[in-house]
Amino acid sequence: RVPQLLKNVRFAPGGDPLAAVPVRAAIAAAQARLAGTGRLLIRKSGTEPLIRVMAECENDALLVEVVDSVVAAIGS
């Protein structure tokens, strides 16, 4: 078992924040930081205008850092 962190980020209906270059760059950076130590899962909700950002990692500080960086990129 590995610690998980899930955060939801609300976005404007009709938008696609996952297509934005800064968001894609933040996701790539987070995946690179977790390489070999954890995993990152990002997906749109099927029922609401939410992006779900979930990561698993044994290092709690790294876990929070990578999820927060992706959430901040999506929210801006």
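The values are calculated or read from the model by the stated rules, or taken from the named source; none is laboratory data. Predicted, not measured: the structure shown is a model, and the values here were computed from it. Cβ: placed from backbone, ideal geometry, glycine included. Neighbour counts: every protein chain shown. Just so you know, the surface numbers come from the protein's heavy atoms only, side chains and all, with ligands and any DNA or RNA stripped out. Shrake-Rupley method; radii C 1.70, N 1.55, O 1.52, S 1.80 Å.
How big is the C-alpha Rg of the chain next to the rule-of-thumb value 2.2 N^0.38 Å, as a ratio? Show your work: numbers first, answer last.
Values: Rg = 12.0 Å, N = 76, 2.2 N^0.38 = 11.4 Å.
Compactness ratio reported: 1.05.
How much length would be gained if the chain were fully extended between Thr47 and Ala25, taking 0.36 nm per residue of separation minus their Cα-Cα distance, in nm to one decimal? Provide the component values of the computation, followed by the final result.
Details: separation 22, 0.36 × 22 = 7.92 nm, distance 2.59 nm.
Extending this stretch completely gives an extra 5.3 nm.
Arrange the residues Leu18, Leu50 by how much accessible surface each exposes, largest first, with a 1.4 angstrom probe.
Numbers: Leu18 45, Leu50 15 Å².
My answer, sorted largest first, is Leu18, Leu50.
Could you work out how far apart the two model spin labels at Asp16 and Leu62 are, taking each label as a point 7 Å from the Cα in the direction of the beta carbon, and quote it in nm?
Computed distance between label sites Asp16 and Leu62 equals 3.2 nm.
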